[in-house]
There are 2 protein chains.
Amino acid sequence: MKIGELSRATGTNIETIRYYERIGLLPAPDRTAANYRSYGDAHRSRLSFVRHSRDLGFTIEEIRSLLDLSDDPARDCGEADRIATAHLEQVQAKIAQLTLLRDELARIVGRCRGGVAADCRVIEALGDHRHCESPH
Amino acid sequence: MKIGELSRATGTNIETIRYYERIGLLPAPDRTAANYRSYGDAHRSRLSFVRHSRDLGFTIEEIRSLLDLSDDPARDCGEADRIATAHLEQVQAKIAQLTLLRDELARIVGRCRGGVAADCRVIEALGDHRHCESPH
DNA sequence: TATGCACCCTGTAGCAACTACAGGGTCAAG
DNA sequence: CTTGACCCTGTAGTTGCTACAGGGTGCATA
């Protein structure tokens, strides 16, 4: 299939597919006589893997490691689990941080009583960290 | 005060302070005879405002709007509230998205039973979106 | 007086993970 | 034979910094 089809099949931007090839995440496919990229099923499933992992928030480097693992079926699976577990912990940390931030923002937003900027509680709260209840 | 003092006073990297000046977020300060930047209290509180807003996740452009507002004390405060509210909604959306993602990751991680990559449930789950329970 | 060191300056390039052109080639339909 | 959809390469832009390179300044110490 040509790049446009692969793009539609995987929901990936054409430019992104070429980008992945450039950085070595996808192997360079064969070319047609007209120098068009020609992909097979292996490419499509590899790209699906990449996109799905990206959707789950893995970085390109993490995905590279995961792909290396799956390219070498004899290797120990524990490494994949370590990568995924570390990533899960990062996501949990991010959620915790955003939750603090949300609470702080909600407090700030709730203070607006209208009026002019000079008396604005929102602007005041943003300017002075001491109005905060939690660290962020 | 010189840039190093301002940096320590606000917990901001020196390069970041110069960056904020370059993009017009901080006004260019006076210079000493040796061409060193010389800051006053107004600069420090403006920079604190910027840092605090960044810590709360506001973008540079949002901060620019908030600063414009606070520079013009007669303006309606509602605009600041709108910016903060919109930002709060984005944070909430992000938390919701990350929570789905965390649940999915937790499911995937939990499937590892050791063994070799060829049988790896983690890699399998990453390759195939159909293993997922929720959209992301 | 020399020299070492901390500090300051400008300008440019790098990071992640794309995205968006500019400027061209290819191919099938009408 | 031209229109339009597709493809190609290469480069530059995005956000919010951070990290140099290559220089100047200012003060204390030997």
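The values are calculated or read from the model by the stated rules, or taken from the named source; none is laboratory data. Source: prediction; values computed, not measured. Glycine also receives a Cβ, built like all others from the backbone with ideal geometry; neighbour counts cover every protein chain displayed. With ligands, DNA and RNA removed, areas are computed over all heavy atoms of the protein, side chains included. Shrake-Rupley method; radii C 1.70, N 1.55, O 1.52, S 1.80 Å.
Data overview
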item: Evaluation of A:Leu69 against (1) within 14 Å of another protein chain (Cβ to nearest Cβ); (2) surrounded by 14 or more Cβ atoms within 10 Å (Cβ to Cβ); (3) within 14 Å of DNA strand C (Cβ to nearest atom) (one fails), failing number; result: (3)
item: Scan of region A:104-118 for residues that are at pLDDT below 85 and within 7 Å of chain B (Cβ to nearest Cβ), ordered by number; result: A:Cys112, A:Gly114, A:Gly115, A:Val116, A:Ala117, A:Ala118
item: Number of the condition not met by A:Tyr39 [criteria: (1) within 12 Å of DNA strand C (Cβ to nearest atom); (2) more than 14 Å from every other protein chain (Cβ to nearest Cβ)]; result: (1)
item: Long-range neighbours under 9 Å by Cβ, at least six apart or interchain, first residue closer than 16 Å to B:Ser53 by Cβ within region B:11-24, second more than 7 Å from DNA strand D (Cβ to nearest atom) and part of a loop (DSSP other than H, G, I, E, B); result: B:Ile17/B:Leu26; B:Ile17/B:Tyr39; B:Tyr19/B:Leu25; B:Tyr20/B:Thr12; B:Tyr20/B:Leu26
item: Sole exception among (1) touching a strand residue (DSSP E or B) at 6+ places or on another chain (Cβ under 8 Å); (2) within 13 Å of DNA strand D (Cβ to nearest atom) for B:Ala74, by number; result: (2)
item: Selection from region A:1-41 of residues that are over 23 Å from A:Glu62 (Cβ atoms) and either of a type in the set (Gly, Ala, Ser) or assigned to a strand (DSSP E or B) (or both); result: A:Gly4, A:Ser7, A:Ala9, A:Asp30, A:Arg31, A:Ala33, A:Ala34, A:Arg37, A:Ser38, A:Gly40
item: Tally, over region B:29-83, of residues that are under 30 Å from A:Ala96 (Cβ atoms) and not charged (D, E, K, R); result: 18
item: Pair list, Cβ < 9 Å and 6+ apart or interchain, from region B:80-93 residues that are within 12 Å of B:Glu62 (Cβ to Cβ) to residues that are of a type in the set (Asp, Glu) and open to solvent by 20 Å² or more (accessible area, probe 1.4 Å); result: B:Ile83/B:Glu62; B:Ala84/B:Glu62; B:Ala86/B:Glu62; B:His87/B:Glu62
item: Qualifying residue in region A:95-103 (condition: within 22 Å of the chain's Cα centre (by Cα), within 16 Å of DNA strand D (Cβ to nearest atom), facing chain B (nearest Cβ under 10 Å) and open to solvent by less than 40 Å² (accessible area, probe 1.4 Å)); result: yes
